[in-house]
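This report refers to the structure that appears directly beneath it.
The values are calculated or read from the model by the stated rules, or taken from the named source; none is laboratory data. Quick caveat: nothing in here was measured; it's all calculated off a predicted structure. Quick reminder, even Gly has a Cβ in these numbers, built from the backbone with ideal geometry, and neighbours come from all protein chains shown. When the accessible area is computed, the model is the full protein with side chains, heavy atoms only, and any ligands, DNA or RNA have been set aside. Shrake-Rupley method; radii C 1.70, N 1.55, O 1.52, S 1.80 Å.
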Amino acid sequence: MLRLGLLLLILPIFVLMGVYFWELNDVRECALIQGGHWDYLAGVCRESPQPFVPWVERHPWLVNGGMLLSLIGVVMCMLGLYVKRR
């Protein structure tokens, strides 16, 4: 139970960071190389300025689900450390 708890604790963090930095790479390419403005809702580079939409508003299930999995992982780790091995 301890190993599965650690996996659930750590894996969602890396998935969230990976998806976030993947999108950040596209945003930086649009702004620095193409000289445009990133449309966060459509996920494309545009010529006119676009409003900023936070990541948690665009992907609420991914963020909240990842945090829920991490919380389940913490509980499983605590139970795994608390329960004696036979």
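One residue stands out among those in segment 43-73 that are β-branched (Val, Ile, Thr) and under 18 Å from Met17 (Cβ atoms): the one that is surrounded by the fewest Cβ atoms within 10 Å (Cβ to Cβ), which is Val56.
With respect to the stated conditions, Gly66 fails to be small (Gly, Ala, Ser), more than 14 Å from the chain's Cα centre (by Cα) and on the phi < 0 side of the Ramachandran plot.
Residues checked against (1) farther than 30 Å from Cys77 by Cβ; (2) touching a residue at least 12 places away in the same chain (Cβ under 8 Å); (3) open to solvent by 90 Å² or more (accessible area, probe 1.4 Å); (4) charged (D, E, K, R):
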residue	(1), (2), (3), (4)
Leu2	no, yes, no, no
Leu9	no, yes, no, no
Ile13	no, yes, no, no
Val19	no, yes, no, no
Trp22	no, no, yes, no
Cys30	yes, yes, no, no
Ile33	yes, no, yes, no
Gly36	yes, no, no, no
Asp39	yes, no, no, yes
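Whether a residue is modelled with pLDDT under 90, of a type outside the set (Val, Ile, Thr) and surrounded by 11 or more Cβ atoms within 10 Å (Cβ to Cβ) was assessed, and Met78 does not pass this test.
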